[in-house]
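Quick notes on the structure that follows.
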Amino acid sequence: MKQPAVSLPPTITDVQYRFSEWRKNKKHRERIPENLWVAAVMLSQDNTLHKISRTLGLSYTDLKKRVASSKTLHSCSADSSQDFIPIDIAPLHTAECIIEMEHRNGNKMRMHFKGKADLELQSFAESFWRGRV
């Protein structure tokens, strides 16, 4: 059975390159795309806001607001550092099953199974929620 591809969170260099490419092709006064803001906010787990804003050429204040907003969205869990809430996904032995997930960054996943699913669904779901799929 083939395992799903898992990607690592972006580094500050990766995000800097993405911003650079966007800036080369952007239209005059075009707003920064949401996916770039999300990537910049994700960097705050391992970098200071000052370093991120300086490296990416962002407004420190705007970045700080977005990071604070992101943390507010996650504060509903007892441990705000844990974004994933485990769920019990029993092995599927049903005739048909549809699993749909939507990440806060806008990514969506829909899995449709007919017959028995021989996947490790718990691991797959955790990877999706952690943004690694």
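Odds and ends about this structure:
- Among residues of region 12-59, those that are within 17 Å of residue 105 (Cα to Cα) and assigned to a loop (DSSP other than H, G, I, E, B), counted: 2
- Residue within region 73-84 that is assigned to a helix (DSSP H, G or I) and modelled with pLDDT under 85 present: yes
- All of 65, 27, 2 fail the test of being out of contact with any His (no Cβ under 8 Å at 6 or more places or on another chain), surrounded by 11 or more Cβ atoms within 10 Å (Cβ to Cβ) and either modelled with pLDDT of 90 or more or not assigned by TED's automatic domain parsing to the domain that holds residue 127 (or both), apart from 65.
The values are calculated or read from the model by the stated rules, or taken from the named source; none is laboratory data. What you are looking at is a predicted structure, and each value in this text was computed from that prediction instead of being measured. Note that each Cβ is placed from the backbone with ideal geometry, even for glycine, and that neighbours are counted across all protein chains shown.
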